[in-house]
Amino acid sequence: MILLDGKETALKVKNTIKEAVTKHKGNGQRVPNLIAVLVGDNKASLSYVKSKVKACDMVGFDSSLIHLETIITEKQLLDLVQKLNNDTAVDGYIVQLPLPKHIDENKILLAINPAKDVDGFHPINIGKLALNLDTIIPATPYGIITLLQEYNIETTSKNVVVIGRSNIVGRPMSILLSQNKPYGNATVTLAHSRTKNLKEITQKADIIIAAIGKAHFITADMIKENAVIIDVGINSIPDASRKRGYRLVGDVDFANVSQKVSFITPVPGGVGPMTIAMLLKNTLHVYEKRIGMSIS
Ligand code: NAD
């Protein structure tokens, strides 16, 4: 069994980005600027956005966190989105989800300028993805493809089962893997909460991508020998031996599943770091488009 090391691979991606930023600076350009908007005090969201801002520092981007109170109105958030759309010093920004219930997430996502939508969630960007056009690829699926690439895990003609149909992970993942291009060309099954006989489906999978949000949901009896397992889930479970009283686990029963597989991602240290690295890559991409040059 080989561990798919997301931390190490993400570091490689970030180093490449850092080099590109240094070259742009050397050419007299400003550096890329990414803004993260967080509404409310969801602890997990705060921790995610802080890691994103920290990662920006590491690669030499300008970045800042706009942290707003939960009571902000939808109109006030839409005004901020407009301001960021019009701010020429901002290359890209993210509005961290989930938003408080009184704010319509779709309204906010639709208001984001697609050219600055570094999460790749805007319908224009998702539409381009579906049509295999140049676009901003949502960071988590992009990170998973990059990880498969890094370990030369072929997807052509493979049976891939993606479990979870969210707009940010499962659905774009299924689109990418079925595209007619390298690290696509798979036969993709998209399973979800209404799927019947999931075990029969997963047992036939060469590659399983689990994005469900249920701790230890994928068990060893659900997979075939030598399958490749990508665990997207981040679930907190009680753990009295930890100072904070909990630990993070994936959607996969790692201890048992890892005995049977050829490759598997750990949680933490698998898909999570890749997501952040690809957000930075998306930001570099939109920045280079704006300044009209790319260094590769
Ligand atoms: P979500 O929470 O929006 O949806 C969960 C999906 O799981 C749904 O599509 C649902 O149909 C499916 N599902 C639920 N029960 C099921 C069942 N019994 N059988 C089959 N399918 C079932 O999904 P999300 O936002 O994609 O998040 C999924 C998990 O991935 C969460 O744990 C989240 O924290 C994590 N996540 C991790 C990263 C990362 O960078 N590692 C990024 C995004 C999300």
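The values are calculated or read from the model by the stated rules, or taken from the named source; none is laboratory data. What you see is a predicted model; the values in this text were computed from it and never measured. Heads up, the Cβs are rebuilt from the backbone with ideal geometry, glycines too, and the neighbour counts pull from every protein chain shown.
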As an exercise: evaluate Tyr93 against (1) outside any loop (DSSP other than H, G, I, E, B); (2) touching a Pro at 6+ places or on another chain (Cβ under 9 Å); (3) of a type in the set (Phe, Trp, Tyr) and give the number of the one condition it does not meet. (2)
How many of the residues in the range 162-191 are among the small types (Gly, Ala, Ser) and within 15 Å of the ligand (Cβ to nearest atom)? 5
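Assess whether Arg194 counts as being farther than 17 Å from Val267 by Cα, among the basic types (Lys, Arg), within 22 Å of the chain's Cα centre (by Cα) and near the ligand (Cβ under 9 Å from one of its atoms).
Working: farther than 17 Å from Val267 by Cα: yes; among the basic types (Lys, Arg): yes; within 22 Å of the chain's Cα centre (by Cα): no; near the ligand (Cβ under 9 Å from one of its atoms): yes.
No.
Is it the case that the range 153-160 has a residue that's at pLDDT 95 or above and within 16 Å of the ligand (Cβ to nearest atom)?
Looking only at the range 153-160, we keep the residues that are at pLDDT 95 or above, and these are 153-160.
Within this subset, residues satisfying the condition of being within 16 Å of the ligand (Cβ to nearest atom) are 160.
Yes, there is a match, as at least one residue in the range 153-160 is at pLDDT 95 or above and within 16 Å of the ligand (Cβ to nearest atom).
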Only listed residue being more than 10 Å from the ligand (Cβ to nearest atom), farther than 30 Å from Asn27 by Cβ and either modelled with pLDDT of 95 or more or outside the structural domain of Ser174 (by TED's automatic domain parsing) (or both), chosen from Val252, Val286: Val252
Of the residues in the range 135-152 that are away from the ligand (no atom under 16 Å from the Cβ) and of a type in the set (Ser, Thr, Tyr), the one that is farthest from Leu280 (Cα to Cα) is Tyr151
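Which residues, counting only those in the range 197-240, are polar (S, T, N, Q) and within 12 Å of the ligand (Cβ to nearest atom)? Lay out the reasoning, then the answer.
Keep residues of the range 197-240 that are polar (S, T, N, Q), which gives 197, 202-203, 219, 226, 235-236.
Within the range 197-240, Asn197, Thr202, Asn235, Ser236 qualify.
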I'd like to check something: does the range 255-262 contain any residue that is within 14 Å of the ligand (Cβ to nearest atom) and in contact with an Asp or Glu (Cβ under 8 Å, 6 or more places away or on another chain)? no
Count of residues meeting criterion [crowded, with 17+ Cβ neighbours inside 10 Å and either modelled with pLDDT under 95 or out of contact with any His (no Cβ under 8 Å at 6 or more places or on another chain) (or both)] in the range 129-139: 5
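Residues are listed down the side, and each one gets a yes or a no for (1) under 30 Å from His122 (Cα atoms); (2) out of contact with any helix residue (DSSP H, G or I) (no Cβ under 8 Å at 6 or more places or on another chain):
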{"position": "Thr202", "(1), (2)": "no, no"}
{"position": "Asp206", "(1), (2)": "no, yes"}
{"position": "Asn226", "(1), (2)": "no, yes"}
{"position": "Ile229", "(1), (2)": "yes, no"}
{"position": "Gly233", "(1), (2)": "yes, yes"}
{"position": "Ala240", "(1), (2)": "no, yes"}
{"position": "Asp251", "(1), (2)": "yes, yes"}
{"position": "Ser258", "(1), (2)": "no, yes"}
{"position": "Thr275", "(1), (2)": "yes, no"}
Here the residues within the range 39-65 that are crowded, with 17+ Cβ neighbours inside 10 Å, within 14 Å of the ligand (Cβ to nearest atom) and in contact (Cβ under 8 Å) with a residue 60 or more places away in the chain are Lys52, Ala55
Options Thr70, Thr88: the member that is among the polar types (S, T, N, Q), in a loop (DSSP other than H, G, I, E, B) and touching an Asp or Glu at 6+ places or on another chain (Cβ under 9 Å): Thr70
If you scan the range 263-276, which residues turn out to be of a type outside the set (Val, Ile, Thr), within 9 Å of the ligand (Cβ to nearest atom) and out of contact with any Gly (no Cβ under 6 Å at 6 or more places or on another chain)? Pro268, Gly272
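Among the residues of the range 126-151, which ones are in a helix (DSSP H, G or I) and hydroxyl-bearing (Ser, Thr, Tyr)? Give the steps one after another, and end with the answer.
Applying the first criterion (in a helix (DSSP H, G or I)) to the range 126-151 yields 126-130, 139-150.
Once the filter is applied, which keeps residues that are in a helix (DSSP H, G or I) and hydroxyl-bearing (Ser, Thr, Tyr), the range 126-151 yields Thr140, Tyr142, Thr146.
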On the given criteria, is Asn159 in contact with a strand residue (DSSP E or B) (Cβ under 9 Å, 6 or more places away or on another chain) and closer than 30 Å to Lys199 by Cα? yes
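From the list Ile112, Ile94, Ile126, which residue is under 23 Å from Lys14 (Cβ atoms) and buried (at least 20 other Cβ atoms within 10 Å of the Cβ)? Reasoning before the result, please.
Numbers: Ile112 fails: under 23 Å from Lys14 (Cβ atoms); Ile126 fails: under 23 Å from Lys14 (Cβ atoms).
Ile94 is the lone residue from the list that is under 23 Å from Lys14 (Cβ atoms) and buried (at least 20 other Cβ atoms within 10 Å of the Cβ).
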